[in-house]
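In what follows, a structure is listed as structure tokens, so that the remarks can point back to it.
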Amino acid sequence: MICDTALTDALVKELCSGRALKEAMQNKREIAASAEARMMKDAKSPLGKPIGAIPQHEYFLLANKYGTECWDDREFVRDFFKSQSHLRAGHI
């Protein structure tokens, strides 16, 4: 029979490794979005100059918290890219 401390230790290890995996994936997404934003600096589009790249997880997290309309609000987007300047491609 497995003792309670072994089960608790195994559970703590699993929870910590799951958190570490989530943080590693978020970091990977941010690095990819940052690289995409750097490539956008000289991009031209018929719709205008791109302003930046937003990692998918971050986009949906904020959309769930504030509603999907938040991304239509110029001030919200400006504040987001002010705090996440490494994701910004140009001036907003």
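The values are calculated or read from the model by the stated rules, or taken from the named source; none is laboratory data. The model shown is predicted, which means the values in this text are computed figures rather than measured ones. Neighbour counts run over all protein chains shown; Cβ positions are idealised from the backbone, glycine included.
Looking at this structure, is Lys65 in contact with a Gly (Cβ under 7 Å, 6 or more places away or on another chain) and either basic (Lys, Arg) or part of a helix (DSSP H, G or I) (or both)?
No, not satisfied.
Kindly provide the set of residues from the range 68-85 that are part of a helix (DSSP H, G or I), within 15 Å of the chain's Cα centre (by Cα) and surrounded by 14 or more Cβ atoms within 10 Å (Cβ to Cβ), ordered by number.
Hits for the range 68-85 are Trp71, Val77, Phe80, Phe81.
Residues are listed down the side, and each one gets a yes or a no for (1) on the phi > 0 side of the Ramachandran plot; (2) surrounded by 14 or more Cβ atoms within 10 Å (Cβ to Cβ); (3) among the aromatic types (Phe, Trp, Tyr); (4) under 13 Å from the mean Cα position of the chain (by Cα):
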site	(1), (2), (3), (4)
Lys22	no, no, no, yes
Met25	no, no, no, yes
Arg29	no, yes, no, yes
Pro55	no, yes, no, yes
Glu58	no, yes, no, yes
Leu62	no, yes, no, yes
Lys65	no, no, no, no
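Here are some residues: Arg38, Arg78. Which one is of a type in the set (Lys, Arg) and touching a residue at least 24 places away in the same chain (Cβ under 8 Å)?
Being of a type in the set (Lys, Arg) and touching a residue at least 24 places away in the same chain (Cβ under 8 Å) holds for just one of Arg38, Arg78, which is Arg38.
So Pro46 passes all but one of these: (1) at pLDDT below 85; (2) in a helix (DSSP H, G or I); (3) surrounded by fewer than 14 Cβ atoms within 10 Å (Cβ to Cβ). Which condition number does it fail?
(2)
Of all the residues that make up the range 7-43, how many are more than 22 Å from Ser85 (Cβ to Cβ), hydrophobic (A, V, I, L, M, F, W, C) and either at pLDDT below 80 or touching a helix residue (DSSP H, G or I) at 6+ places or on another chain (Cβ under 6 Å) (or both)?
So the count comes out to 7.
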